[in-house]
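The values are calculated or read from the model by the stated rules, or taken from the named source; none is laboratory data. The model shown is predicted, which means the values in this text are computed figures rather than measured ones. All Cβ positions, even for glycine, are placed from backbone atoms using ideal geometry, and neighbour counts span all protein chains on display.
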Amino acid sequence: MFYWMFPNADLNAPVAIWLNGGPGASSIFANFLMNGPMRVDHFGDGPDDYLVYNIDHGSWVDVATMIFVDQPVGTGFSWGDDLLTNMNDAADEFIYFLTNLFNKYPQLKGHDLYLTGESYGGKYLPRYSYAILEANKLSKNIFNLKATLVGDPYTAPMTQRTHMHVVPEALNIIDDSNMP
């Protein structure tokens, strides 16, 4: 799995993993456009005059080591031969990734862990959190999961798609006067 990690200067900072929605949306999108330390900015008149640079403030890296992960395999820059077809296999793949990540960066072991994301992450994140808790039972708490945060979760696609009009009506944003 492809990931992009931005270490926090504090060696004791928590670890936050961001999973974009989709399904199939690269988490790099969040790095460049939402909460990451990188931005793309046009700095000249030419078509190739774009610069990627660090932001001095306002990034989640200010409070945590941020890891943006393209998952499951087949999403964004993550590639492989076997594409997954169910959430249980995706959770197993994520635990495998997380185990290897903490083995590669042993300095992150024991740090508070936060899973974060948005949209279709509302499906992935609860399932992955459960898988982490189950893995902890088998391996004596190898992951220090503190919380799972989901923004604008897409948890029940059929219900959410067919009832999206309820919120604007409740907020008096739309009513019968502006309906065709």
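Could you say whether any residue in segment 62-70 is surrounded by fewer than 17 Cβ atoms within 10 Å (Cβ to Cβ), within 19 Å of residue 150 (Cα to Cα), modelled with pLDDT under 90 and not small (Gly, Ala, Ser)?
There is no residue in segment 62-70 that is surrounded by fewer than 17 Cβ atoms within 10 Å (Cβ to Cβ), within 19 Å of residue 150 (Cα to Cα), modelled with pLDDT under 90 and not small (Gly, Ala, Ser).
Quick check on segment 36-51: of everything there that is charged (D, E, K, R) and modelled with pLDDT under 80, which residue is nearest to the chain's Cα centre (by Cα)?
Top of the filtered list is 39.
What number of residues within segment 2-35 are assigned to a loop (DSSP other than H, G, I, E, B) and within 13 Å of the chain's Cα centre (by Cα)?
The total comes to 10.
Right, residue 73: modelled with pLDDT under 95, over 20 Å from residue 150 (Cα atoms), in a strand (DSSP E or B) and not acidic (Asp, Glu) or not?
no
Since residue 134 meets every condition but one in (1) more than 16 Å from residue 148 (Cα to Cα); (2) out of contact with any strand residue (DSSP E or B) (no Cβ under 9 Å at 6 or more places or on another chain); (3) loosely packed, with under 15 Cβ neighbours inside 10 Å; (4) without any contact (Cβ under 8 Å) to a residue 40 or more places away in the chain, which condition does it not meet?
That leaves (1) as the condition not met.
Among the residues of segment 72-82, are any exposed (fewer than 11 other Cβ atoms within 10 Å of the Cβ) and either in contact with a strand residue (DSSP E or B) (Cβ under 7 Å, 6 or more places away or on another chain) or not aliphatic (A, V, I, L, M) (or both)?
Within segment 72-82, one or more residues are exposed (fewer than 11 other Cβ atoms within 10 Å of the Cβ) and either in contact with a strand residue (DSSP E or B) (Cβ under 7 Å, 6 or more places away or on another chain) or not aliphatic (A, V, I, L, M) (or both).
In segment 92-128, how many are assigned to a helix (DSSP H, G or I), farther than 25 Å from residue 10 by Cα and not basic (Lys, Arg)?
11
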